[in-house]
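Only the coordinates and a few stated rules stand behind these numbers; no lab work does. In this text, all values refer to a predicted model and were calculated from it rather than measured experimentally. Here Cβ is always computed from backbone atoms with ideal geometry, including for glycine, and neighbour counts include all displayed protein chains.
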């Protein structure tokens with residue numbers, strides 16, 4: 001799903017469902033940051049796969065390390081913004097790192113059934129997830145999860 005907002009659906013739903021365990025701002029960003037890779041490939045017309053190393057679990061792990069460091073550094077500012085949305089959280093550095101990995105890996109798992117160029121187990125050149133679901137099924141699931149996430153968010157707001 002290059003350059004689409006569809007990844008916000010699973011991110012919002014699972015992030016709110018697991019709010020006590022997942023650093024929501026990190027999870028939201030982790031679910032979409034992977035798509036900077038195809039953006040750069042398209043924008044700079046690179047001779048590189050649209051879904052390259054960061055659409056693999058190994059590359060995603062490296063990206064999670066970078067994202068975690070940034071989110072840990074910015075956490076005080078992020079929490080100020082999260083407070084506006086009644087989603088303030090306090091988590092350890094370890095929790096932020098684990099959240100980064102989970103978000104990025106969910107992104108990969110939602111994309112892998114759709115694209116032949118994704119190699120989730122790089123350096124092994126195969127994608128066992130390709131074709132398990134159609135694009136329509138994945139997009140519909142993402143949309144449904146987004147609306148379910150909105151329902152969870154409204155519910156959370158009414159609990160306070």
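Data table
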{"item": "Listed peptides 131-140, 26-35, 90-99 by packing density, highest first (mean Cβ within 10 Å)", "result": "26-35, 90-99, 131-140"}
{"item": "Rounded Å value of the spacing that divides the Cα centres of segment 121-160 and segment 20-97", "result": "16 Å"}
{"item": "Distance (nanometres) between label positions extended 7 Å along Cα→Cβ at residue 82 and residue 121", "result": "3.5 nm"}
{"item": "Mean residue ellipticity (222 nm) of the chain, computed from DSSP H runs ≥ 4 via -39,500 (n - 2.57), nearest 500", "result": "-20500 deg cm²/dmol"}
{"item": "Radius of gyration and maximum dimension Dmax of the chain, Cα, Å", "result": "15.9, 51"}
{"item": "At R0 = 25 Å, FRET efficiency that the Cβ-Cβ distance of residue 90 and residue 159 yields, to 0.05", "result": "0.85"}
{"item": "Added length on full extension, which subtracts the Cα-Cα distance from 0.36 nm per residue, residue 39 to residue 61", "result": "6.0 nm"}
{"item": "Distance between modelled label sites at residue 17 and residue 151, nm, 7 Å Cα→Cβ extension", "result": "1.2 nm"}
